[in-house]
Amino acid sequence: MMIATPGAGPPGRMPAARAHQFRGSLGRFATGVAIVTFDGVTKRHGITVNSFTSVSMDPPLVLVCIARTAKAHDELAGRPFAVNILGAEQRQLALHFAGRPGPEPLWVEGETAPRLSNVLAYFECKPWAAYDGGDHTLYIGEVADFNYRNGDALAYANSAFTTIPESQLGMEDLL
């Protein structure tokens, strides 16, 4: 529970300096980099995200957090989507869908949703649920198709891209 302090703004809001510190603290947690792709009402969309996680194995569910300020935020509601996990060599692709356009990416027409070619892993999803998450919406998708390839992962930490090397033995071999 957040307690309001004089000059701190409305309850639930942090002062700007504290919000900057909060964002910096969150940035210390290394995350993978993914792109959510989907066909909107008027065009195809892609949004670079680092808020992605598994939710359930049965049924297979994943979650992505999309900022309400994202141009395509409202168009994603109720639509099939794909989560494309990027390889370390795909930094330019992450930047392209984060607002710094580069060469047009290669698309794959998935059975459920459009996805990007040659990504490290992908999850094609049917919409399952959406929840309010403050300045984000938490979209949960039921995974209809997925796959992966070998390679190092693109990661983001401390406001910079980095690489997570592929391990010698994947978790799936331990199960």
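Run the paramagnetic zone check for residue 152: 7 angstrom along Cα to Cβ, then residues of the stretch 103-132 with backbone nitrogen under 16 Å.
Within reach of a label on residue 152: 120.
Normalising by the residue count of the stretch 31-166, find the relative contact order in percent from Cα pairs under 8 Å and 6+ residues apart.
Here the relative contact order equals 27 percent.
With the crude spin-label approximation of a point 7 Å out along Cα→Cβ, what separation in nm comes out for residue 57 versus residue 42?
Here the answer is 4.4 nm between the modelled labels.
Using the 10 angstrom Cβ neighbour count as an exposure proxy, how do 123, 52, 97, 161 rank, fewest first?
Exposure proxy ranking, most exposed first: 161, 52, 97, 123.
We did not get these values from a lab; they are worked out from the coordinates using the rules stated. Note that this is a predicted model, so its numbers are computed, not measured. Cβ coordinates were reconstructed from backbone atoms using ideal geometry, including for glycine residues, and neighbour counts include every protein chain displayed.
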